[in-house]
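No value in this document is a laboratory result; all are computed from the given coordinates. Since the model is a prediction, treat every value here as computed from it, not as a measurement. When we count neighbours, we look across all protein chains shown, and the Cβ atoms used for this are built from the backbone with ideal geometry, even at glycine.
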Amino acid sequence: MKPVHIRLLNLLLNYKGMLALAVLSAVINVVATLVGPLYIGRAIDVMIGPSQVDFTRLQPALLLLLIAYGGSSLFLWLLTYLSTRLSYKLVNRLRAQLYANINLLPLRFYDEVSHGNTINLFTNDADTVSDGILQGLMALISGVITIVGCLLFMVFLNPLMTGVVLLSTPVAYSVARFITTRSQKLFKETAQSLGKLNGFAEEMIEGQKIVQAFNYEPRSLQQFKDINAQLYQAGVRSQFISSLANPATRIVNNITYTMVGVIGAVVAIQGSLTAGEISSFLIYAVLFAKPINEFTSVLTQLQSAIASAERIFRVNDLEPEPPDAADARLLRDSTGAITFDHVSFAYDAAQPLIKDFNLSIAPGDHVAIVGHTGAGKTTLVNLLMRFYDIESGAISVDGTDIRRITRSSLRQSFGMVLQDTWLLNGSIRDNIAYAKPTATLDQVIAAATAAGAHNFICSLPNGYDTVITNMGDSLSQGQKQLLTISRVMLANPSILILDEATSSIDTYTEMHIQEAFRRMMVGRTSLVIAHRLSTIKSADIILVLDKGNIVEKGNHEELLNKDGYYAALYHSQFEGVAT
């Protein structure tokens, strides 16, 4: 694997022309800046000569000075413009690559990595790379050219005074390094406190109903004040320590300037140096010291950029889902026949979940899957849709191993309704048509009508054009679920998967949604995962799972008559009602 800085350089080289022009602008800007002090010195010598001011010599010096600083300003603007363009192009490319790669990662990645960390890659880390690499890199290039240029001009003017400046350089750098090293630790504390504050505020705002319901406002406010106080303390200390860098290095620089001035005065008395040349030298000494004093912060910025880039590349380097087999075929018009043949699977190799699992589902069967939490119910669905691949055995749809079917066509054959309703920011129509973007309004309305959602949609301010947020706060839980059912109805899949689809809905709303499910299940193979056993009485087959194995199998009446595992589950839910 290539080092991070090499990979970043390769990204930058995608914009060779713009990068070369930016470097050239930096060079011209620095050179023009360095030429200026030379003409300032000449202008001073013309004005303080033994006779009156020689305007014939002064005017060319001032004109050249104007051209030098005008050119410097022009190319500084061009450098800023190009750096900004490069910055946005680089961050755009990074985010595009990251998003493309994340879309190819297996579901295991999302199970193991928090969503907040993933989002942070797109925001803070990408911006840190962009700002650090480009702004820091340009500052480093300009700084190196400035140091070399100033050194050459100072040696040309007076080698002895140049030696004094060079001797003070390590002292100024050491002082800046000492302060910056300590301030960085405090800045890290500040960032951690800020993250803690943002997380707490987001948590409290998102759960404001619960906060108010439990009268948590006073405690919430006190917790916020405590975290805010920590942020204040860390922020003040970090800013105070970092603010010492400039005055501390200025003390070293001022001592240096004083020594240079004294030496310059002695040399001038001897007639080896003019007053204008002393002025030029002092300006060069200031320009020479500036990038050295800032060198530590520039390196820190570059190191932060490399660290952020490493986090992004680490995700980009993750193994994507294995590609479809070379002989994989498209699954079209599936009958819904499903077979699990001696299937074994484990999320963690040390803790096997499903072992030697066997199951056959005929086309059109309505199959319910029940069991305690962690029994493996949702895992079966994940394996069936190839969100995870099995370790041994085979899963077949219509007699074909799903590993010999393209993932896209396999997943298009399934329609899934989950307990958590996922909606996107957009109109009602956009949310339903998510399953089929080319659908006409008539098709969307037909799907919503079949799902029993049409009436409530028409009651909204703008009907199907009503805009909702991804949280769907303006809709009830039942209404949100009806929208997800409408989405599946529009997709018209061959096989349905209902994973705890009504567990968070009240009984009255559940009756209407169950009716929508019954209409949707007609002629389709259906797999229903449910905790409410009252919702699956009509299932053709009920599978009772425990630790990844089928412990009972049959219809509702058969399983009750067995008076076993299922009967115990069923009676535990209704014994309170019976009394």
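Among beta bridges from DSSP that stay inside the chain, the antiparallel ones total about 50%. Axis of helix 441-451 versus longest Cα principal axis of the chain: the two differ by about 50°, to the nearest ten degrees. For the chain, the mean residue ellipticity at 222 nm estimated from helices alone is -21000 deg cm²/dmol, where every DSSP H run of n ≥ 4 contributes -39500 (n - 2.57) and the total is divided by all residues, rounded to the nearest 500.
Using the empirical formula 2.2 N^0.38 Å as the baseline, the Cα radius of gyration of the chain reaches a ratio of 1.45. Backbone amide hydrogens, once placed in the peptide plane, bring E552 within less than 5 Å of V544, excluding anything fewer than 5 places away on its chain.
FRET efficiency for H571 and N124, Cβ-Cβ distance as r, R0 = 56 Å, nearest 0.05?
On the way: r = 53 Å, r/R0 = 0.95.
With R0 = 56 Å, the Cβ-Cβ based efficiency is 0.60.
Couplings 3J(HN,Hα) of region 321-332, computed from phi: 4, x, x, 4, 4, 4, 9, 4, 10, 7, 9, 10 Hz, in residue order, whole Hz [Karplus 6.51 cos²θ - 1.76 cosθ + 1.60, θ = phi - 60°; x for Gly and Pro].
Sorted by mean Cβ packing within 10 Å, highest first, what order do the peptides 28-41, 414-427, 475-488, 315-328 take? Walk me through the numbers before you get to the answer.
Values: 28-41: 21.1, 414-427: 17.1, 475-488: 22.8, 315-328: 12.8.
Highest to lowest by the protection proxy: 475-488, 28-41, 414-427, 315-328.
Karplus-based coupling profile of region 393-400, in residue order and whole Hz: x, 8, 10, 10, 10, 6, x, 10, with θ = phi - 60° in 6.51 cos²θ - 1.76 cosθ + 1.60 and x standing for Gly or Pro.
What is the distance in Å between the Cα centres of region 1-20 and region 382-396? That distance is 40 Å.
For M138, M47, the sequence from fewest to most other C-beta atoms within 10 Å is M47, M138.
Cα-Cα over 31 Å: which of K355/K537; K16/K290; K355/K480; K196/K547; K185/K225?
Details: K355/K537 28 Å; K16/K290 29 Å; K355/K480 37 Å; K196/K547 38 Å; K185/K225 23 Å.
Flagged as over cut-off: K355/K480; K196/K547.
Near V528, the amide H atoms lying under 5 Å from its own belong to V367, A368, I369, L498; only residues 5 or more places off or on other chains count, and H is placed 1.01 Å from N. Residues whose amide H lies under 5 Å from that of I468, counting only those 5 or more places away or on a different chain, are G426, S427, I428; hydrogens are built 1.01 Å from N in the peptide plane.
With the simple model of a label 7 Å out from the Cα in the direction of the Cβ, T438 to D341 spans 3.5 nm.
The long axis of helix 275-316 is offset from the longest Cα principal axis of the chain by roughly 10 degrees.
For L21 and L160, compute 0.36 nm times the residue count separating them, minus their Cα-Cα distance, and round to one decimal in nm.
Values: separation 139, 0.36 × 139 = 50.04 nm, distance 3.71 nm.
Extra length available between L21 and L160 comes to 46.3 nm.
Ratio to report: Rg/Rh of region 159-272, with Cα atoms as the point set and Rh obtained by the Kirkwood method; give two decimals. Spell out each step's value before the answer.
Numbers: Rg = 25.3 Å, Rh = 18.1 Å.
We get a ratio of 1.40 for region 159-272.
Label-to-label distance for T373 and D356 is 3.1 nm, based on points extended 7 Å past Cα in the beta-carbon direction.
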